[in-house]
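All of the numbers you see were taken from the coordinates with simple rules; none came from a lab. Note that the coordinates shown come from a computational prediction; the quantities given were computed from them, not determined experimentally. A quick note on method: Cβ atoms are made from the backbone with ideal geometry, for glycine too, and the neighbour counts reach across all protein chains shown.
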Amino acid sequence: MTGGTSRIVVLPGDGTGPEVLREATKLLGVLAENDGAPWKLEEYPGGAQYYAKTGRQWEPEAEAATQSADAILLGAVGWPGISLPNGDLAGAALVLGLRQNLDLFANVRPCKLHPGVVHRISEGYRPVWAPENVDMVIVRENTEDLYTPTHGRLSRARSTEVAIDTRVITRKGAERVVRYAYELARKRSRGAPGDGVRRLTCVDKSNVLEGCRFFREVFDEVGTEYPEIERDYAYVDAFTQWLVRNPEHFNVVVSTNMMGDIITDLASVLQGGMGFAAGGNIGHEHAMFEPVHGSSPKYAGKNQVNPIAALSATAMMLRWLAERRSDPKLGAQADRLDGAIAEVLARGSARSYDQGGTATTSAVGDAVADAVRSRPA
Ligand code: IPM
Ligand code: MN
């Protein structure tokens, strides 16, 4: 598939989701001004707040559109106090449902600290987390583990006695995500910031859990096909302190679903906070991109949250489409957007509240838009 127009389905979702995706679609518009737009956007409502209003998480045509889209851009879903009759997160269809139904098996979360970004630990200290020390990608398995719907309750006389979640690790699930991570390590020629080693770290709890032992076995098996990549191992508990103490050691990290969920939130602190953490849910046929932060009910409607995560997710999407469609023009647009983001952060002229500044969500978006306009095409 070369060139042509990509159909991008936009799902703003709940809370601050629509606010950050407004900036994302604004930036796509600005990129199109100069270079033309080899894409078409289709936006659909959905999520917890939509469910509260309509009794449906989204409309059937929205779901159908995601099945045939070239890429999906998701804001955030979830709202306090709104859940489905079975207790699940209302809006789950748009995130967990799509990961499952489109088989988006690799959740790819880059963690890079840009020059100019402040973070809570660096202030007043000589920062361990200098930009040159933080540049890794965490790859999280996205379709199994504790997220499989093999759970339930044993109730007697309408009172719960036991609640059970079952952890499922399959060869197929482990192998494809591990392979994805090795391929990524192969592409990242710079290696780990500390020593330049092309390292892939397997994060698990294989000293205790059988599923983790199996995951690590598969990691070793697949690794024999990648002799140029250094195989590295960390138990998840130890990993959390190494991540904070020695982020420069890490290049690509692969883990199971639930552990990956937790360690990527921790890693976001190294890059300035959740306002900077972008992710791609990648499958063989489909992909969905999203800021890792949630719907942030506390900040919703205030035009206050940091849109950089959503903008970086948009750049990731363009880069994925570029590769899939063999369209270097899309790749150049991704570079332009990433370059503009880095420039605005380095200048520090549009800092949102999480950066100690007063710039609104739309002001940060406008600053990135100006930077895009002033960058050569
Ligand atoms: C994430 C989120 C989701 C998850 C929630 C919203 C279901 O925390 O994308 O990391 O647990 O995967
Ligand atoms: Mn999470």
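Describe numerically, in nm with one decimal, the distance between label points set 7 Å from Cα along Cα→Cβ at E61 and at K40.
The two pseudo-label positions are separated by 1.4 nm.
In nm, what is the difference between 0.36 nm times the number of residues separating D103 and R7 and their Cα-Cα distance?
Working: separation 96, 0.36 × 96 = 34.56 nm, distance 1.87 nm.
Extra length from D103 to R7 when fully extended: 32.7 nm.
Take the Cα atoms of the chain, find their three principal axes, and give me the spread along each one in whole Å, biggest first.
Sorted from largest, the Cα extents of the chain read 61, 54, 49 Å.
Measuring from centroid to centroid over Cα atoms, what is the spacing of the stretch 55-85 and the stretch 362-377 in Å?
The distance from the Cα centre of the stretch 55-85 to that of the stretch 362-377 comes to 30 Å.
Pull up all non-local amide H partners of N142: gap of 5 or more, or a different chain, and H-to-H distance under 5 Å with H placed in the peptide plane.
Residues meeting the amide H criterion: N107.
Can you show me the helix-derived [θ] at 222 nm for the chain, built from DSSP H runs with n ≥ 4 at -39,500 (n - 2.57) apiece and divided by the number of residues, rounded to the nearest 500. Spell out each step's value before the answer.
Working: 11 runs with 144 residues, N = 377.
After summing the helix terms and dividing by the residues of the chain, the value is -12000 deg cm²/dmol.
Find out how many positive minus negative residues lie around V134, taking Lys and Arg as positive, Asp and Glu as negative, among other residues whose Cβ is under 10 Å from that of V134. Mind showing how you got there, number by number?
Numbers: positive: K112; negative: E132, D135, E248.
In short, -2.
Considering amide H positions built from the backbone, and no H for Pro or chain starts, which residues 5 or more places from C202, or on another chain, come under 5 Å of its amide H?
Counting only residues 5 or more places away or on other chains, the set is D232, Y233, A234, V254.
With only alpha-carbon pairs counted, each pair once and no self-pairs, how large is the Kirkwood hydrodynamic radius of the stretch 231-368 in angstroms?
16.5 Å
Could you go through the stretch 209-222 in sequence order and give the Karplus-derived ³J(HN,Hα) for each residue, using 6.51 cos²θ - 1.76 cosθ + 1.60 with θ = phi - 60°, rounded to whole Hz, and x for Gly and Pro?
Rounded to whole hertz, the list is 9, 5, x, 6, 4, 5, 4, 5, 4, 5, 4, 5, 4, 5.
Local charge sum around R56 (other residues, Cβ-Cβ under 15 Å, Lys/Arg +1, Asp/Glu -1)?
-4
Amide H to amide H under 5 Å from L73: which residues, 5+ apart in sequence or cross-chain, H placed 1.01 Å off N in plane?
V9, V10, L11, F289
Hey, what do the phi angles of the stretch 5-11 turn into as Karplus ³J(HN,Hα) couplings, whole Hz, using 6.51/-1.76/1.60 and θ = phi - 60°, x for Gly and Pro?
Result, rounded to whole Hz: 9, 8, 8, 10, 8, 9, 10.
How large is the direction-averaged shadow of the alpha-carbon convex hull of the stretch 1-86, in nm²?
Details: hull surface 26.2 nm².
Its Cα hull, projected and averaged over all orientations, spans 6.5 nm².
For the stretch 116-271, what is the convex hull volume of the alpha-carbon atoms per residue, in Å³?
Numbers: hull volume 21.1 nm³, N = 156.
Residue-normalised Cα hull volume stands at 135 Å³.
Run the simple label-point estimate for S83 and R245 please: 7 Å along Cα→C-beta, distance reported in nm.
3.8 nm
Hey, what do the phi angles of the stretch 166-177 turn into as Karplus ³J(HN,Hα) couplings, whole Hz, using 6.51/-1.76/1.60 and θ = phi - 60°, x for Gly and Pro?
Ordered by residue, 3J(HN,Hα) equals 10, 9, 10, 10, 10, 4, 4, x, 5, 4, 6, 6 Hz.
Between beta-carbons, use under 13 Å as the cut-off and find the net charge around V77, counting Lys and Arg +1, Asp and Glu -1.
Values: positive: R99; negative: D14, D88, E290.
Every neighbour counted, the sum reads -2.
Just round it to a whole percent: the fraction of Cα-Cα distances in the stretch 69-208 exceeding 21 Å.
63 percent
Quote the charge dipole size of the stretch 116-271 about the Cα centre in Debye, to the nearest 20; the model charges only the Cβ of Lys and Arg (+1) and of Asp and Glu (-1). Mind dumping the intermediate values first?
Details: 22 positive and 24 negative charges, 61 e Å.
Value, rounded to 20: 300 debye.
Suppose R0 equals 22 Å; then what is the FRET efficiency for V208 and R153 from their Cβ-Cβ distance, rounded to the nearest 0.05? Walk me through the intermediate numbers first.
Working: r = 25 Å, r/R0 = 1.14.
Computed FRET efficiency for V208 and R153: 0.30.
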